[in-house]
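The values are calculated or read from the model by the stated rules, or taken from the named source; none is laboratory data. A quick note: this is a predicted structure, and the numbers were derived from the prediction, not measured. Glycine gets a Cβ as well: all are built from the backbone with ideal geometry, and neighbour counts include every protein chain shown.
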Amino acid sequence: MDVRKFDSVEALNQAAAAMIIEAVKETPHLVLGLSTGNSPIGVYQRLIADHRENGTSYKEVTTFNLDEYEGLDENSPQSYRYFMNEQLFDHLDIAKENTHVPSGVGDLAENCKEYERLIEAAGGIGIQLIGIGTNGHIAFNEPGTSFESLTHIADLSQETIDANAKYFPSPGDIPSRAISMGIQSIMNARKVIMVAFGQSKARAVKEMLEGPVSTELPASVLQGHPDAIILLDREAASLLSN
Ligand code: PGA
């Protein structure tokens, strides 16, 4: 793994955005894996600013998001489809039909299979942008999830429910299940860029990089990825041995 430390979150976001922008310029039909939550917002802001200022085009880009809550559709402000439209897609020249977020409504088992079919039909994910949960999860792959998992219906852990409850009108409103790309789906991406910042991520980051590869810390699987770049701020890196 290629681990890079930054003095500020701004510098980290700039570096992650620069990698994606370069890749889109080099490969206009790039298949980009995207994520939600707090971690990628600064990266998205830089992609939008670059698109406005320098005209980098996403017309031919295809995207696949990692996950979606059960029962929430694009009209729900808490859905990840809504988040992506608002935080990124509405501000780029990307074709909406080329943006994919798993559907959390309808026949979920069929939606999972269809999602993997779509990723395969697109030629696989070129670059996957990802965050890490405080419990070491990647997407909604909680501790204990099989490394062989593909897109599946995932039960959220209590730690994840607690961490994400702040985005819902009341804590009881957060769904307890989601559709999530699996660990194997993420490992299939040709390149993975992880962004992690803040003290709350320090323990998970240490275990990911210095602990054993174990399903108990899902992100540790990235130790075996041939092209994983881990971007950390000082706080997220604060427990590392060197
Ligand atoms: P966050 O979540 O970006 O909101 O910190 C990351 C994650 O849970 O994967």
Positions within region 150-185 being closer than 24 Å to THR62 by Cα, touching a residue at least 60 places away in the same chain (Cβ under 8 Å) and either surrounded by fewer than 15 Cβ atoms within 10 Å (Cβ to Cβ) or in contact with a Pro (Cβ under 9 Å, 6 or more places away or on another chain) (or both), in sequence order: ALA178, ILE179, SER180, MET181
Identify the single condition in (1) buried (at least 20 other Cβ atoms within 10 Å of the Cβ); (2) modelled with pLDDT under 95 that ASN141 does not satisfy, given that it satisfies every other one. (2)
Quick one: is THR63 crowded, with 18+ Cβ neighbours inside 10 Å and in contact with a strand residue (DSSP E or B) (Cβ under 7 Å, 6 or more places away or on another chain)? yes
Among the candidates ALA23, ALA18, which residue alone is crowded, with 16+ Cβ neighbours inside 10 Å, more than 30 Å from PRO169 (Cα to Cα) and not basic (Lys, Arg)? ALA23
What are the residues in region 115-129 that are buried (at least 24 other Cβ atoms within 10 Å of the Cβ) and either more than 13 Å from the chain's Cα centre (by Cα) or under 19 Å from GLU210 (Cα atoms) (or both), if any? TYR115
For GLN199, all conditions in the list (1) without any contact (Cβ under 8 Å) to a residue 40 or more places away in the chain; (2) closer than 21 Å to ALA16 by Cβ; (3) crowded, with 18+ Cβ neighbours inside 10 Å hold save one; what is the number of the exception? (3)
Residues of region 69-123 being part of a loop (DSSP other than H, G, I, E, B) and polar (S, T, N, Q), which ones? ASN75, SER76, GLN78, SER79, SER103
Collect the residues in region 1-22 that are touching a strand residue (DSSP E or B) at 6+ places or on another chain (Cβ under 9 Å), in a helix (DSSP H, G or I) and either small (Gly, Ala, Ser) or at pLDDT below 95 (or both), keeping them in residue-number order. ALA11, ALA15, ALA16
Tell me, please, whether a residue that is touching a Leu at 6+ places or on another chain (Cβ under 6 Å), under 15 Å from LEU72 (Cα atoms) and at pLDDT 95 or above can be found in region 152-175. yes
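Table: residues versus (1) within 19 Å of LEU150 (Cα to Cα); (2) surrounded by 15 or more Cβ atoms within 10 Å (Cβ to Cβ); (3) at pLDDT 95 or above; (4) under 17 Å from the mean Cα position of the chain (by Cα).
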{"position": "TYR44", "(1), (2), (3), (4)": "no, yes, yes, yes"}
{"position": "THR56", "(1), (2), (3), (4)": "no, yes, yes, no"}
{"position": "TYR82", "(1), (2), (3), (4)": "no, yes, yes, yes"}
{"position": "PHE89", "(1), (2), (3), (4)": "no, yes, yes, yes"}
{"position": "ASP93", "(1), (2), (3), (4)": "no, no, yes, no"}
{"position": "SER103", "(1), (2), (3), (4)": "yes, yes, yes, yes"}
From the list SER241, SER214, SER220, SER180, exactly one residue is of a type in the set (Ser, Thr, Tyr) and in contact with a strand residue (DSSP E or B) (Cβ under 6 Å, 6 or more places away or on another chain). Which is it? SER180
Could you go through region 82-98 and let me know if any residue there is of a type in the set (Asp, Glu) and within 16 Å of the ligand (Cβ to nearest atom). yes
